[in-house]
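Visitor: Encoded as structure tokens, here's the structure I'll be asking about.
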Amino acid sequence: MNVAAPNSGFLRGVYGGYMLLFFLYLAAPLIVAGVFAFNDSNFPALPWNGFTLKWFFGTESPKIGMFHDSRLLRGIGNSLYIGVIVSAMAVAVGTCNAFLFERKQFPFKGFFYILMIVPLVIPGVILGISILVFASMIANGADDAIGIELGMLRPGIPLVILGQFSFLTTITSLVIAARLRKFDTTLEDAALNLGATRFRVLSTITLPFLAPAMFSAFVVAFLVSFENFNTTLMLVGPDAPLTITMYDRMVKVGSTPVLNAVSFFLMVGSGVLALLSVLVNRRKTEE
Amino acid sequence: MLRTDTGRLSLILLFTPFALWILLLIVLPQIGIGYLSLQVKLAPRVYEFGLANYFEFLNEPIYWNTLLRTAWISVLVTVLALLVGFPVAYYIAKIARKRSRAALFLLCLIPLWVSDLVRAFGWILLLRETGVFSSLLQGAGLIGEPVELLYNDVTVVMGLVYTVVLFMIVPLVSTMDGMDNALIEAGYNLGGSRFTVLRRIVIPYAMPGIVAGCIIVFMLCAGSYLTPVLLGGKNSMWFTEQIYQQFITRYNWEAGATFGCVLLAFTSLAVWLGLKLTGQNLASTVAKD
Amino acid sequence: MFDLQCDNLTKMFGAFCAVNDVSLEVPSGSFFSILGPSGCGKTTLMRMIAGFETPSGGDIRIKGQSVLSIGPNKRNVKMVFQHLALFPMMDVGENIAYGLRCRGDSKSEIKTRVAAVLDRIGLAGYEGKRISQLSGGQKQRVAIARCMVLEPDVLLLDEPLGALDLKLREHMKIELKQLQHQFNTTFLYITHDQSEALVMSDNVAVMNAGRFEQIGAPEDLYRAPSSAFVAGFVGDSNRWSGTVTALDRDQVKVGLDGGATLVAPLAGGSSGQGGGSSNTGRLSVGDTASVFVRPEALVVTPGLLPDAPDRNRLQGTIDSFLFNGANSRVLVRTSRGELIEVDHRLDGGLSRESVGQDVTLEWPHAGGICFKAED
């Protein structure tokens with residue numbers, strides 16, 4: 001018998017019912033957002049007019065599918081581009097940070113550790129405006145002082161990347177540091193003792209051990225970047241990533257089932273990525 | 001000698017990216033908006049140093065009313081998320097069997113993988129006048145005409161709880177997972193009632209998780225933008241929306257920076273208070289893996 | 001010829017002296033152990049020899065050459081770690097090949113060498129196995145093979161048996177000794193387990209608080225300990241403390257608190273041949289001294305016998321029997337309240353029914369050993 005559970009059957013039933021209700025609450029909007037992508041109607045609403053894939057592959061107006069909607073496609077392209085670059089940067093710096101805080105001793109380490117966590121507790125909107133303001137100050141300063149226009153410091157993809165990088169690095173640092181903490185440093189001593197150079201120890205022993213954590217940090221960073229809205233909104237220029245494009249469409253055109261199609265695509269995509277990350281980590285940790 | 005030199009070199013190499021990141025993307029930009037908020041516009045391109053932007057914030061009731069409203073809804077959402085999330089976390093950590101535990105936990109995380117925008121979009125499709133609920137209720141004959149369930153405070157609160165409850169459940173599950181069932185058994189064995197065991201054993205044990213969850217949820221809530229704007233509509237009166245309007249719509253960056261500083265000061269104060277009152281520290285609550 | 005020499009080696013961590021002026025010489029092809037309680041500095045000593053720590057003073061020589069300026073990855077001293085430190089992401093073959101690859105051997109040569117060493121440790125054909133598929137003893141052998149394939153001058157072993165269960169540990173002791181014979185390499189073995197050190201070693205150094213107390217063959221340490229610490233740490237001992245009442249050449253008379261008097265030879269005297277840094281030399285009347293007596297030196301005789309001039313006698317009662325096969329013991333409570341361990345001889349005429357019976361403990365004067373008590 002599990003002492004933690006209620007011991008009367010009735011209470012257990014009530015508890016089970018509550019859990020069911022909770023998961024229904026979690027799933028309802030996602031199901032609705034996904035299901036209407038397949039409804040053969042011009043509006044994502046009841047009644048159900050039959051199954052269709054036009055909202056994915058359709059070519060005739062008004063039912064132009066997402067794969068033939070150039071603005072949405074460009075949004076996906078921008079999001080992919082931003083996501084890959086920002087995740088790679090965040091994993092690289094996060095790995096450095098993990099080694100810095102797990103392996104090195106230096107003055108004011110506790111204070112710097114707090115600084116490393118701080119980006120997580122600054123609201124995303126504020127991160128966005130502060131980077132916007134700071135970049136503009138530098139750009140204006142450069143313009144006034146030496147007459148050079150630094151285009152990359154004006155709203156656009158480079159600033160979006162910097163903005164997302166500013167808080168994603170905290171996440172990747174924490175994920176990678178947690179794995180590095182579990183590393184048995186005598187493995188490094190052993191490799192050194194067997195004649196390996198420091199670089200060889202890093203590349204054959206330590207980094208292979210960290211690889212699954214670096215991979216899942218990359219996946220998490222990529223997903224968060226892909227779906228980020230608040231920080232991106234403040235920094236976005238003419239090349240908008242997918243979430244901003246969708247938001248624009250939603251506000252200006254109103255909801256159409258093509259947005260459901262995009263939602264469905266996003267859910268499947270991130271589901272697959274997340275599952276992959278779980279599998280990689282499970283296989284690696286079982287060894 | 002040689003080895004301490006390489007040690008120092010690698011320390012410098014590791015510290016540089018960290019320092020550049022924190023300095024250029026966090027510290028200096030924050031100082032930047034602080035500086036901008038103290039710039040008072042006299043004429044185009046003519047500024048004076050002063051607190052006038054902050055006085056304007058205080059003198060305009062709509063501004064600080066929006067802040068207060070944001071604050072109290074955030075508190076309400078935090079409390080509701082704890083009440084809704086605690087039983088779920090307890091079930092996952094203590095009642096579910098080993099096998100289903102991982103599955104339930106993953107199920108809880110699924111919405112996390114989906115964009116805020118998609119979730120809000122789903123709620124809109126469910127709750128608007130032509131939405132699924134309205135149609136179903138009409139079909140069942142419970143109401144005669146379409147009913148608008150969007151654009152009210154209850155919906156905003158419900159939507160916010162939905163977006164943040166996962167961040168409450170995750171730390172709760174990871175703390176309670178570590179609790180030995182023998183503690184509960186000992187509680188009963190020594191004559192405790194169900195309620196005493198919950199109040200004196202389970203809740204104190206879960207306290208670090210509760211604090212961590214509440215802080216994260218409050219922060220996310222006060223800084224959220226999409227959910228209140230999309231579910232609350234035109235008159236949602238959310239503080240981040242004010243910031244956006246000042247920056248993008250009105251192009252009044254000084255006022256926007258001022259609002260940003262106010263929001264940052266306010267959330268930092270709330271986090272600091274939460275940590276002080278419960279005797280926790282930032283590193284142990286937020287950075288727990 | 002010595003494979004490994006340490007001269008006045010010292011290591012300070014801040015103000016704390018982990019290793020204090022230690023010197024040792026390990027003859028080629030011998031099995032040398034360093035025995036000491038945890039925290040005595042033996043691991044630091046080994047890490048200095050392997051090159052992971054830099055000594056604060058002194059010199060380390062391998063085959064006569066100082067290695068202080070050589071990095072840990074260039075010394076021809078290989079190490080078996082406490083928890084073996086086999087690389088979990090590689091299979092058995094890759095683990096053994098790791099050092100050869102670092103050295104830059106050719107692929108075909110690595111292959112033959114790995115196969116040869118696996119054959120020698122009785123694990124032929126195990127190249128493709130994962131580390132997690134091996135038993136505790138097999139892992140042990142792979143860890144040794146990984147080092148031996150590089151033909152080191154000295155193999156360091158840092159308590160490698162600590163993680164094994166008792167049965168396997170007993171077995172591995174013998175196997176390690178055989179492996180050492182087979183490879184004919186110098187082994188330097190660190191342990192806190194005296195039976196491991198005594199069983200396997202040609203020579204043992206007993207270490208305490210950063211210093212060597214005594215270096216000698218296992219039987220010398222046992223029969224002629226040069227300090228109270230060695231007498232107490234190596235093998236079982238009964239110990240009495242008292243005040244020196246008389247000194248007669250090498251014999252010391254020690255008066256116990258209860259009034260009885262024990263006679264024992266002074267350590268480092270004519271009977272003691274173990275050298276080392278003995279600090280018990282100067283003893284005078286009135287000093288506090290400790291007398292150590294091994295359980296097998298004691299004889300239990302029924303009845304209360306009077307004192308005798310040629311032997312020590314103490315009166316007591318049988319307290320309990322501790323049966324453990326050949327190592328069975330009798331506990332005797334003396335009239336002064338101490339519990340004394342005595343080897344139980346099956347022909348001694350005592351049995352479980354004797355509990356409570358009055359007895360006399362006796363042993364010849366030469367059966368014990370006396371040290372000046374440490375402050």
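Visitor: Is at least one residue of the range C:154-161 in a helix (DSSP H, G or I) and surrounded by 14 or more Cβ atoms within 10 Å (Cβ to Cβ)?
Guide: Among the residues of the range C:154-161, not one is in a helix (DSSP H, G or I) and surrounded by 14 or more Cβ atoms within 10 Å (Cβ to Cβ), which makes the answer no.
Visitor: With the structure loaded, tell me whether C:Met46 is open to solvent by less than 30 Å² (accessible area, probe 1.4 Å) and out of contact with any Gly (no Cβ under 9 Å at 6 or more places or on another chain) or whether it fails that test.
Guide: Taking the combined requirement at face value, the residue satisfies it.
Visitor: Looking at the range C:116-133, which of its residues are more than 29 Å from the chain's Cα centre (by Cα), on the phi < 0 side of the Ramachandran plot and assigned to a loop (DSSP other than H, G, I, E, B)?
Guide: Answer for the range C:116-133, where residues must be more than 29 Å from the chain's Cα centre (by Cα), on the phi < 0 side of the Ramachandran plot and assigned to a loop (DSSP other than H, G, I, E, B): C:Leu123, C:Ala124, C:Tyr126, C:Glu127, C:Gly128, C:Lys129.
Visitor: Tell me, please, whether a residue that is among the aromatic types (Phe, Trp, Tyr), touching a helix residue (DSSP H, G or I) at 6+ places or on another chain (Cβ under 8 Å), open to solvent by 70 Å² or more (accessible area, probe 1.4 Å) and touching a residue at least 40 places away in the same chain (Cβ under 8 Å) can be found in the range B:152-163.
Guide: no
Visitor: Shifting gears a bit: Within the range B:236-260, which residues are closer than 27 Å to B:Ile124 by Cα and open to solvent by 10 Å² or more (accessible area, probe 1.4 Å)?
Guide: Matches in the range B:236-260: B:Met237, B:Glu241, B:Gln242, B:Tyr244, B:Gln245, B:Ile248, B:Thr249.
Visitor: Among the listed residues B:Thr240, B:Thr278, identify the single one that is more than 10 Å from chain A (Cβ to nearest Cβ) and within 26 Å of B:Val217 (Cβ to Cβ).
Guide: B:Thr278
Visitor: Collect the residues in the range B:112-162 that are more than 10 Å from chain A (Cβ to nearest Cβ) and either of a type in the set (Lys, Arg) or closer than 28 Å to A:Ala261 by Cβ (or both), keeping them in residue-number order.
Guide: If the condition is that a residue be more than 10 Å from chain A (Cβ to nearest Cβ) and either of a type in the set (Lys, Arg) or closer than 28 Å to A:Ala261 by Cβ (or both), then B:Leu137, B:Pro146, B:Val147, B:Glu148, B:Leu149, B:Leu150, B:Tyr151, B:Thr155, B:Val156, B:Leu160 are the ones that fit.
Visitor: Moving on. Among C:Arg146, C:Arg113, C:Arg101, which is on the phi < 0 side of the Ramachandran plot and open to solvent by less than 20 Å² (accessible area, probe 1.4 Å)?
Guide: Just one listed residue meets the conditions, C:Arg146.
Visitor: Can you tell which of B:Leu58, B:Leu42, B:Leu28 is facing chain A (nearest Cβ under 8 Å), farther than 30 Å from A:Leu273 by Cβ and open to solvent by 50 Å² or more (accessible area, probe 1.4 Å)?
Guide: B:Leu28
Visitor: Across the range C:51-83, what is the number of residues that are basic (Lys, Arg) and farther than 23 Å from C:Ser28 by Cα?
Guide: Number of matching residues: 0.
Visitor: In the range A:175-218, what count of residues is obtained for those that are open to solvent by less than 30 Å² (accessible area, probe 1.4 Å), of a type outside the set (S, T, N, Q) and away from chain C (no Cβ under 13 Å)?
Guide: The number of residues fulfilling the criteria is 6.
Visitor: For the subset of the range A:248-277 comprising residues that are among the hydroxyl-bearing types (Ser, Thr, Tyr) and surrounded by fewer than 24 Cβ atoms within 10 Å (Cβ to Cβ), which member is farthest from A:Asp69 (Cα to Cα)?
Guide: So the residue we want is A:Ser277.
Visitor: In the list B:Leu51, B:Leu28, B:Leu82, B:Leu11, which residue meets the criterion of being over 25 Å from the mean Cα position of the chain (by Cα) and under 30 Å from A:Thr169 (Cβ atoms)?
Guide: Just a single option satisfies the conditions, and that option is B:Leu11.
Visitor: May I ask you to verify whether B:Gly233 is farther than 24 Å from B:Arg45 by Cβ and either within 11 Å of chain A (Cβ to nearest Cβ) or open to solvent by less than 50 Å² (accessible area, probe 1.4 Å) (or both)?
Guide: The answer is yes for B:Gly233.
Visitor: Follow-up question, since we're still on this one. Quick one: would you say A:Met234 is out of contact with any Pro (no Cβ under 9 Å at 6 or more places or on another chain), open to solvent by less than 10 Å² (accessible area, probe 1.4 Å) and either facing chain B (nearest Cβ under 9 Å) or of a type in the set (Phe, Trp, Tyr) (or both)?
Guide: no
Visitor: When you scan the range A:117-149, how many residues do you find that are more than 7 Å from chain B (Cβ to nearest Cβ) and either surrounded by 15 or more Cβ atoms within 10 Å (Cβ to Cβ) or assigned to a helix (DSSP H, G or I) (or both)?
Guide: 14
Visitor: Does at least one position in the range A:7-24 carry a residue that is under 19 Å from A:Thr245 (Cα atoms), modelled with pLDDT of 80 or more and either in contact with a Cys (Cβ under 6 Å, 6 or more places away or on another chain) or of a type in the set (Lys, Arg) (or both)?
Guide: No, the range A:7-24 contains no residue that is under 19 Å from A:Thr245 (Cα atoms), modelled with pLDDT of 80 or more and either in contact with a Cys (Cβ under 6 Å, 6 or more places away or on another chain) or of a type in the set (Lys, Arg) (or both).
Visitor: Still on this model: Among the numbered criteria (1) modelled with pLDDT under 90; (2) out of contact with any Lys or Arg (no Cβ under 8 Å at 6 or more places or on another chain); (3) not aromatic (Phe, Trp, Tyr), which one does C:Asn208 miss?
Guide: (1)
Visitor: If you scan the range B:195-230, which residues turn out to be surrounded by fewer than 19 Cβ atoms within 10 Å (Cβ to Cβ) and of a type in the set (Phe, Trp, Tyr)?
Guide: Result: B:Phe195, B:Tyr205.
Visitor: Spot the failing condition for B:Ile12; the list is (1) open to solvent by less than 80 Å² (accessible area, probe 1.4 Å); (2) at pLDDT 85 or above, and only one is missed.
Guide: (1)
Visitor: Restricting to the range C:82-98, count the residues that are open to solvent by less than 10 Å² (accessible area, probe 1.4 Å) and either touching a residue at least 60 places away in the same chain (Cβ under 8 Å) or hydrophobic (A, V, I, L, M, F, W, C) (or both).
Guide: So the answer is 5.
Visitor: Can you tell me which residues in the range A:137-195 are closer than 23 Å to B:Leu28 by Cβ and more than 31 Å from the chain's Cα centre (by Cα)?
Guide: Within the range A:137-195, A:Asn140, A:Gly141, A:Ala142, A:Asp143, A:Asp144, A:Ala145, A:Ile146, A:Ile148, A:Glu149 meet the criteria.
Visitor: Related question: From the list B:Ala206, B:Ala212, B:Ala222, pick out the single residue that is over 27 Å from A:Pro6 (Cβ atoms) and either away from chain A (no Cβ under 12 Å) or in contact (Cβ under 8 Å) with a residue 40 or more places away in the chain (or both).
Guide: B:Ala222
Visitor: What number goes with the only condition from (1) small (Gly, Ala, Ser); (2) in contact with a strand residue (DSSP E or B) (Cβ under 6 Å, 6 or more places away or on another chain); (3) within 14 Å of chain A (Cβ to nearest Cβ) that C:Ser56 does not pass?
Guide: (3)
Visitor: Since A:Phe112 meets every condition but one in (1) modelled with pLDDT of 90 or more; (2) surrounded by fewer than 14 Cβ atoms within 10 Å (Cβ to Cβ), which condition does it not meet?
Guide: (2)
Visitor: Of the residues that sit in the range C:15-69 and are under 23 Å from the mean Cα position of the chain (by Cα) and acidic (Asp, Glu), which one is nearest to C:Gln5 (Cα to Cα)?
Guide: Of everything passing the filter in the range C:15-69, C:Glu25 is nearest to C:Gln5 (Cα to Cα).
Visitor: C:Gly58 is checked against (1) on the phi > 0 side of the Ramachandran plot; (2) exposed (fewer than 14 other Cβ atoms within 10 Å of the Cβ) and fails just one. What number does that condition carry?
Guide: (2)
Visitor: Condition check: within 14 Å of chain A (Cβ to nearest Cβ) and either open to solvent by less than 70 Å² (accessible area, probe 1.4 Å) or modelled with pLDDT of 85 or more (or both). Does B:Leu67 satisfy that?
Guide: Yes, satisfied.
The values are calculated or read from the model by the stated rules, or taken from the named source; none is laboratory data. In this text, all values refer to a predicted model and were calculated from it rather than measured experimentally. Cβ atoms come from the backbone with ideal geometry, glycine included; neighbour counts cover every protein chain shown. In case anyone asks, the SASA skips ligands and DNA or RNA and just uses the protein heavy atoms, side chains included. Shrake-Rupley method; radii C 1.70, N 1.55, O 1.52, S 1.80 Å.
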